[in-house]
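**Q** Pasting a structure below so you can have a look.
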Amino acid sequence: METQHMDVMLLKRLKSGDSTAFDVLFRRYYPMLCAYACRFVSLESAEEIAQDALLWLWEHREDEIIQYSLSKYLLKSVYHRALNRLEQEQMQLNADTRFYQDLVENVLEEEDLCQLHELTARLGEAIRRLPPLYREAFLKHRLKGQTYKEIADELGVSVQTVNYRIGQALKLLAQELKDYLPLLLFLFQIP
């Protein structure tokens, strides 16, 4: 109850433009908000999301936005921002994939089919050599079209863990198949 009372006092000072009150609130909530956001997104994104949520609080300090608890309000704000970030990342990934698919389809000619068959074989070998946890997340996302959240729920891990595993799988594949990178994207069409 003491924390909530202190938050109320700090919010009153914040509302009058007291930047010291904002500094106290920032130092108190920033680490907690970063840790919470890391359950959904990368550390870099989590830090940005926590900063944005707190900055938004400062910019809207004169509005009556907090009805119950500051901590609950900030956690809810970070949660929604993290979900929005995940959705934006997924949309960007889909747009990038479509762009490269279109590019490859326009460039791909019949004489390239032989190279495509060779690439398909090499890709299969490279995927089989991935560490099992990376391979599982990669195949569920890239070939089955599952979202990071669906994979995380199915595997009983965090969305961030799925993001990490897929990222590592992509790095390993890119290293091993760097000569075929433009054609690789053509193979990963999501149904």
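The values are calculated or read from the model by the stated rules, or taken from the named source; none is laboratory data. Fair warning: this is a prediction, and the values are worked out from it, not measured in the lab. Methodologically, a virtual Cβ is constructed for each residue, glycine included, from the backbone with ideal geometry; neighbour enumeration extends over all protein chains shown. All accessible areas refer to the heavy atoms of the entire protein, side chains included, with ligands and DNA or RNA removed. Shrake-Rupley method; radii C 1.70, N 1.55, O 1.52, S 1.80 Å.
**Q** Enumerate the pairs (first residue in the range 85-99 and more than 15 Å from Arg142 (Cβ to Cβ); second residue anywhere and small (Gly, Ala, Ser) and part of a helix (DSSP H, G or I)) with beta-carbon separation below 6 Å, excluding pairs fewer than 6 apart on the same chain, so at least 6 apart or on different chains.
**A** Arg85/Ser45
**Q** Of these, Leu93, Leu55, Leu83, which one is modelled with pLDDT under 85 and out of contact with any helix residue (DSSP H, G or I) (no Cβ under 8 Å at 6 or more places or on another chain)?
**A** Numbers: Leu55 fails: modelled with pLDDT under 85; Leu83 fails: modelled with pLDDT under 85.
One residue alone meets the criteria, Leu93.
**Q** Exactly one of (1) within 14 Å of Leu74 (Cβ to Cβ); (2) not in a helix (DSSP H, G or I) is unmet by Tyr29. Its number?
**A** (2)
**Q** Are there any pairs with C-beta distances below 7 angstrom linking a residue in the range 144-169 that is in contact (Cβ under 8 Å) with a residue 40 or more places away in the chain to a residue that is surrounded by fewer than 20 Cβ atoms within 10 Å (Cβ to Cβ) and of a type in the set (Val, Ile, Thr), with the two at least 6 apart or on different chains, and if so which?
**A** Gly145/Ile190
**Q** Looking at (1) closer than 30 Å to Tyr164 by Cα; (2) open to solvent by 50 Å² or more (accessible area, probe 1.4 Å); (3) charged (D, E, K, R), which is the one condition that is false for Arg85?
**A** Condition (2) is where Arg85 drops out.
**Q** Also, I was wondering about something else. Find all pairs meeting these conditions: Cβ atoms under 8 angstrom apart; at least six residues apart or on different chains; first residue within the range 1-30 and open to solvent by less than 80 Å² (accessible area, probe 1.4 Å); second residue part of a helix (DSSP H, G or I) and among the basic types (Lys, Arg).
**A** Close Cβ pairs (under 8 Å, with a partner that is part of a helix (DSSP H, G or I) and among the basic types (Lys, Arg)) amount to Thr20/Arg13; Ala21/Arg13.
**Q** Okay, moving on. What are the residues in the range 58-80 that are modelled with pLDDT under 90, assigned to a helix (DSSP H, G or I) and among the small types (Gly, Ala, Ser), if any?
**A** The answer is Ser71, and nothing else.
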